[in-house]
Every structure is written in C-alpha cells, then in structure tokens.
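Read the figures in this text as sums done on the coordinates, not as results from a lab. Keep in mind that this is a model prediction, so the values were computed, not measured. Using ideal geometry, Cβ is built from the backbone for each residue, glycine included, and neighbour counts are taken over all protein chains shown.
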Protein chains: 2
Amino acid sequence: MVNRSKVTIHDIASRAGVGVGTVSRVLNDHPNVSPKAKAAVRAAIAELGYRPSSAAKTLRTNRTHVLGFITDTIASTPYAGQITRGAQATAWQYGKILLLVNSEGDVTLENAAVETMLDRQVEGIIYATMYHRAVTPPASIKAVPSVLLDCFDVEHALPSVVPDDRRGGYRATEILIERGHRRIGYLNQEDPIVARTLRMEGCRAALADHGIAFDDALVAYGNSDPDGGYAAMRDLLGRGVSLTAVFCFNDRMAMGAYDAIREYGLKVPRDIAVIGYDNQELIAASLRPSLSTMELPHYAMGVWAVRYLLEEQPPSTNGPIQAKLECPFVERQSL
Amino acid sequence: MVNRSKVTIHDIASRAGVGVGTVSRVLNDHPNVSPKAKAAVRAAIAELGYRPSSAAKTLRTNRTHVLGFITDTIASTPYAGQITRGAQATAWQYGKILLLVNSEGDVTLENAAVETMLDRQVEGIIYATMYHRAVTPPASIKAVPSVLLDCFDVEHALPSVVPDDRRGGYRATEILIERGHRRIGYLNQEDPIVARTLRMEGCRAALADHGIAFDDALVAYGNSDPDGGYAAMRDLLGRGVSLTAVFCFNDRMAMGAYDAIREYGLKVPRDIAVIGYDNQELIAASLRPSLSTMELPHYAMGVWAVRYLLEEQPPSTNGPIQAKLECPFVERQSL
C-alpha cells in the first residue's frame, strides 16, 4: 500500500507538466489559472491519489468541520448509546463529523486522544461518561470549546449537561402517590453514586410534600443489576414489610424484583406496582408486564452538548452553564 | 543476496529500472502504468521476494498512530459494544488511537467520515457493522489498509472477519442432542438474514449427522426480540407440538420464550431446555434461570481486525482472507 500522504505537490506539478505555483493556485481555487492547466492538475491529483494535508486545508478554510467526542465506555457498553446517537445526529445536521474515542477510562489513552484531536484541529470537544458522576477531564480539552456530558467537574469550571435525577426521583415518587400508594419500597443500589443521592433526595421531598413520613424499613440495597434487585426485593418481602409499590434504582434492578415478586406468588402490578429508572432499551419494554420508568435523557443530552458547542451562547454571569435535563416518565403496564 | 524482510519498494524500483511512484502504482493496481513497467515491477517483486504489507509499513515513515473505525450503529445501540472494546484495547496495546465514527447507516455521512479519516491520514480503516451481513463499503476505504468486521462484501474483495454462525448453529444443536434431546424446537427470526440462514444450515447438519429428521412443525417465526420470542413460543406450545428443548435465534427471543413457557405452567429447564445465541450482556446472565447460549465473538473480532491491520500478513493466494471466528458455548442453567 502506498501512503498517499507521501505524494507532494511537486509530484503533482511534475505529472501535470506545470509549475508548483500553478498546483498551489488550483488547490486554493485561485482564479488565475488556465482551464487547461487546471484540468491537468486535477487529473494528476486524481491519478496520484493526492490528499492535501489536513493542516493546509484548515488554513484555507479555518474550519475542520470535526468535533471530538471522548467517552469512557459509552461506545462499548449497552447502557448509554443514545448519547452517541443524539450527538451524532445533531452534529451531522450542522455538517460536522463526530470523531469518537472510547477510552475505557484509561487516563493515558484519554490524554493521547485529546492530543490527537487537538492535532487534528477539532472545533470542539465533548467529554461524556456512561453514568452521571464527577470527573476530572484532561486539562487540555480547554484548548478548544468543550462541554461535559452526563458528568461534571466539581469546580463547575466547565459547562456541563446532566440528567435532573433529583427531579426524576421526585416525580417517580409523586406518580406512585398520585395513584394511591402510601407504602412505597425503595430498591436502592449499594454505591452512593450521584444519581442515588439525588433520586433519594427527590423521593424524600415528594413524600414530605404529601405528608408521608419516610420509613427506613422500606429501603433495601443491592448491586445495581438484576441479581441485586432480586436480592433486595426478597429482603423486603422476607422481612414482611407492608408495601403496595416499589421504586427501583434502575430497570435492571426492577428486572430482578419482578422475579422475586413472582416467586412470592405475587403479581405486578396487582399486588405490587413497580417503577424503574433509565428506560433501558433492552429491558423496560421487554419485561412482562412492561415496565413504567423514568427515562434518562441520553439522546437529549447528546443533542444539547452539540448545540452548545455549535451555537452562539448568551453571555453568562454565573460561570459556565450547568444544565439539568428532565427525565421523562414513560408509562407502561407495571403501575 | 537480499534479505527479504528488508526489501523496500526502492529496491524494487531499482531492480525494475523504474521510479518508486511506478512501483506504488503497480502495488495499488493503479490503471496508469504501462504493461512493460508493470511486468518489470512484478518480475522484481518475485525475484526479491518482496511482501507488500511490509512495504506499507516501510513507507509509513510519517506514522500518525491513528486507525479509523467506521460503524453503522455499534456505538449507539446495546448490541455489539464488545467489538469496540476489543478493537480499542488491541489498538492501544500497539500504541494506536482508534477514531470512531458511528454513521447510523447514513451513506453520505459514511463517505464524509472516510474522507475525514483519509485527510487525517489514518494508518488503516476498520469498517464494522452491528450484525453479520453483506455490505458495500465506501470504495475510498481501499486507499489505506482496510478490513471489514462482522460483515463482508459479496465479491470478497476486502479482508473480513465474521462469526462462524454455521458452526455455532451446529454446536448448539449438537449440545442439545448430546443431552438427550430429540424433539428440538426452533424459534427463528422472520428476516432471512445471513445469521439465520447459516445457523439453520448448521442445525440441519447436526440433526442429519445424528440421524434425526428435520421436522418443519418444530419451527416457529417471530421478530428477533422478546415479544417475537414470546409469540413464537406460544405458537409452538399452542399447536401442541411435542418438544423437550428449544433453540432460540437470539437471547432476546429466549427472554420472551421464558415468559411463554412460564405462562403454560412449564419450567425451564425441567420441562423445556432453552439455548440462546449472542450472549447478550444485559439478558443472558440476568434471566432466571440464567440462559445457556452461544456467544457472538464480538471482542475477539475487534482484536482480530486490529491485529490484521497492524501485523504482517502471510501472502495470500486466494484473495483477501475471510476469517470466521468461533461462537463459544456459554453454559448456564437453562439446559
């Protein structure tokens, strides 16, 4: 294979039988070139497979039409792919290509990825994580307009967009209360991640606003997966806790909760209403009965981040914007 | 005596009495080479025992350490992310960055992505799809070493790596037979995609090799999702078909089949053994009982494709390699 980058404008000039200056004028769409010379140069370019270096092209247009997208595991895990989809679709609407690097959280790779993107003069960088959390992104991303997606830096030094998990926890609880539930179980994940803290704050606020006391006996913990949800639900049922509904930290825990509820001879939603969180593509609509849940706004965050980079922003007096997007309620058959 | 491993295209050019550009055009099957020059270059290549792939490496004096990875929807859907993970991990072992574009199958975007990658002088391009199928990739990917991943072009003009779906279908059926099953149901997906065809070929071969007649009454069709599996399983059970095991086209269909089996008051695996396909992260291990399945070699295909681009290849006499990777059996509790 020939590396076409080795073809120079000297090769083009020689092949076309013209001077280097003529080649350069053709490449730059300069008007002062004879049609014959222009045709000869273009033929030589095609024959030799010449590609002007990206740097030279950028110097001419000042725009690369490329955005960088750095993620930990979004491209390699089944959890948040809609972020990519929303960002990609929006970038393409603006005529921009999204170049993505999936670092698996490897800091050295992440730094190398940013360097690679900056070398290639991306117009902006989106730094995205698979779940809502605090991050310390490579400092070098500040060399171009950049935005954090589904994450934030603790100093709020960079603009960010995250799900409004507090409001989502509030709404999920309120929806159960509106349907007459007073004894609501919580299947919580063990790790005190941001989403757990915010959703529980929302739950407690909703209960308080409706005059219902929070009862610690209604909370059980487990891994944030079906086995964890199964164990936590069995824990609640095994303790004989009286409840008519359960709010699961995520749809995966709800999947396990369904199995536990079934093993106790109970039915969803007749005996226990279940609400999940995430609207995880492969699970929520596929469970029987299908699962009502609060959707993580993955697609919407992808759209937001690209628009933020490409559209003029109003001046901010309070530091970089920290956007929180709503987690919409998706109603199915489990309530 | 020339050391074969050190032969460069300069040696070829010198031996053939032509310029280096002519050698590269011959190597690239460029049309604009005189028959005489072409014959001289080919004679020199044969005499010197020259290997084009090492030439590609030698020519790449100005390496970018970047590989391009173009996919339809791998980065945005929950189905095949391990491809990205395998490719990424392997590229990084070689000190290469994988720049990924997720095109959502948009041909214009795909072409623009290839142009962007070539402008940025990627050392090679991987063109990957979310499921095993025939594709027509942008012709321009041939400008650099390139390989198809989880797909193939019908002319086999490009190297490719795909799952060995025929062998997987054979093994799945054989495993059921080895455990004493003779009446095996097939929950098949409706669309006659490559994987369905190959897996069914494998099934039939395994049955034949064990002297079991194929019975059309044991096959039911549905969408390749839990609802489709549920409907197809209810179809089989509703028809009163006698069976002791069922082979599902994928884990998602198996998920629905579980629900149908349960609704008929039957138990997995006591009454009906179930085997899936894919080893879909979010489903197979999470079902209760956990699902035995044939794993799609997503990670291994990612590894293979990157190694193919970055390691010296033995000369091929039969055109570009068309690799088929094994789909390993993952045993859990549904058999």
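Observations
- Size check on segment B:165-295: the Cα extents along the three principal axes, sorted descending, read 34, 30, 25 Å.
- Inter-copy label distances at A:GLU155, using a point 7 Å along Cα-to-Cβ, come to 5.7 nm with the shortest given first.
- The mean number of partner chain beta-carbon atoms within 10 angstrom of a residue's beta-carbon across peptide A:114-120 is 3.
- Charge dipole of the protein assembly as shown (Cα centre as origin; +1 on each Lys and Arg Cβ, -1 on each Asp and Glu Cβ, all else neutral): 2060 debye, rounded to the nearest 20.
- Note on segment B:191-335: with charges restricted to the Cβ of Lys and Arg (+1) and Asp and Glu (-1), its dipole about the Cα centre is near 300 debye.
- For the residues of B:102-110, the average number of beta carbons from a partner chain within 10 Å of their own beta carbon is 3.
- When the Cα convex hull of segment A:81-236 is projected onto planes of every orientation, the mean area is 11.7 nm².
- In this structure the amide hydrogen of A:ASN250, modeled in the peptide plane, comes within under 5 Å of the amide hydrogens of A:TYR277, none closer than 5 places in sequence on its chain.
- If you take the Cα centroid of segment A:242-313 and the Cα centroid of segment A:132-146, the two points sit 30 Å apart.
- In nanometres and ascending order, the distances from the B:GLY238 label point to those of the other copies are 3.9 (point 7 Å from Cα along Cα→Cβ).
- Amide proton proximity set for B:SER146, modelled H, under 5 Å, gap of 5+: B:ILE125
- For B:ARG179, inter-copy separations between label points set 7 Å beyond Cα along the Cβ vector come to 3.7 nm, shortest first.
- Between helix A:165-178 and chain A: long-axis angle, C-alpha atoms, 0 to 90°, nearest 10: 40 degrees
- Loop-located GluC sites (Glu not before Pro) in segment A:248-335 (DSSP state other than H, G, I, E, B) with a sparse environment of at most 16 neighbouring Cβ atoms within 10 Å: A:GLU311, A:GLU312, A:GLU326, A:GLU331.
- Where GluC sites (Glu not before Pro) fall in DSSP loop in segment B:88-194, at most 11 other Cβ within 10 Å: B:GLU155
- Sorted by Cβ density within 10 Å, fewest first, the residues B:ILE9, B:ILE74: B:ILE9, B:ILE74
- Expected 222 nm ellipticity per residue - DSSP helices of 4 or more, -39500 (n - 2.57), all of the protein assembly as shown, to 500: -12500 deg cm²/dmol
- Chain B: angle of helix B:226-238 to the longest principal axis, Cα-based, in degrees nearest 10: 40 degrees
- Neighbour counts of C-beta atoms inside 10 Å place B:THR77, A:THR244 in the sequence A:THR244, B:THR77, starting with the fewest.
- A simple rule links phi to the HN-Hα coupling: the Karplus curve 6.51 cos²θ - 1.76 cosθ + 1.60 with θ = phi - 60°, which for segment B:115-130 gives 4, 4, 5, 5, 4, 8, 6, 4, 7, x, 10, 9, 10, 10, 10, 6 Hz, with x for Gly and Pro.
- Computed from backbone phi with θ = phi - 60° and the Karplus coefficients 6.51, -1.76 and 1.60, the 3J(HN,Hα) list for segment B:256-262 is x, 4, 3, 5, 5, 4, 5 Hz; x is used for glycine and proline.
- Vicinal HN-Hα couplings computed from phi for segment A:320-327 (Karplus, 6.51 cos²θ - 1.76 cosθ + 1.60; Hz; Gly/Pro x): x, 5, 10, 7, 10, 9, 4, 9
- Sorted by Cβ neighbour density within 10 Å, fewest at the top, the residues B:ILE12, A:ILE193: A:ILE193, B:ILE12
- Dividing the radius of gyration of the alpha carbons in segment B:85-135 by their Kirkwood radius gives 0.98 for Rg/Rh.
- Convex hull volume of the protein assembly as shown per residue (C-alpha atoms, cubic angstrom): 178 Å³
- Too-long pairs where the Cα-Cα distance tops 32 Å, listed order kept, from A:LYS38/B:LYS96; A:LYS142/B:LYS96; A:LYS36/B:LYS36; A:LYS36/A:LYS96; A:LYS38/B:LYS38: A:LYS38/B:LYS96; A:LYS36/A:LYS96
- Cα pair distances in chain A, grouped into 20 Å bins until the bin that holds the longest one, percent each: 27, 41, 21, 10, 1
- Database remark: amide H of A:CYS151 closer than 5 angstrom to the amide H of A:THR129, A:ARG133, A:VAL161 (H placed geometrically; neighbours at sequence offset of 5 or more, or on other chains; Pro and chain starts carry no H).
- A dipole drawn for the protein assembly as shown from +1 and -1 charges on Cβ atoms has a positive end, and of B:PHE152, A:VAL33, B:THR84 the residue lying farthest that way is A:VAL33.
- Loop trypsin sites (Lys or Arg not before Pro), segment A:226-283 (other Cβ atoms within 10 Å of the site Cβ: 15 or fewer; DSSP): A:ARG239, A:LYS267, A:ARG270
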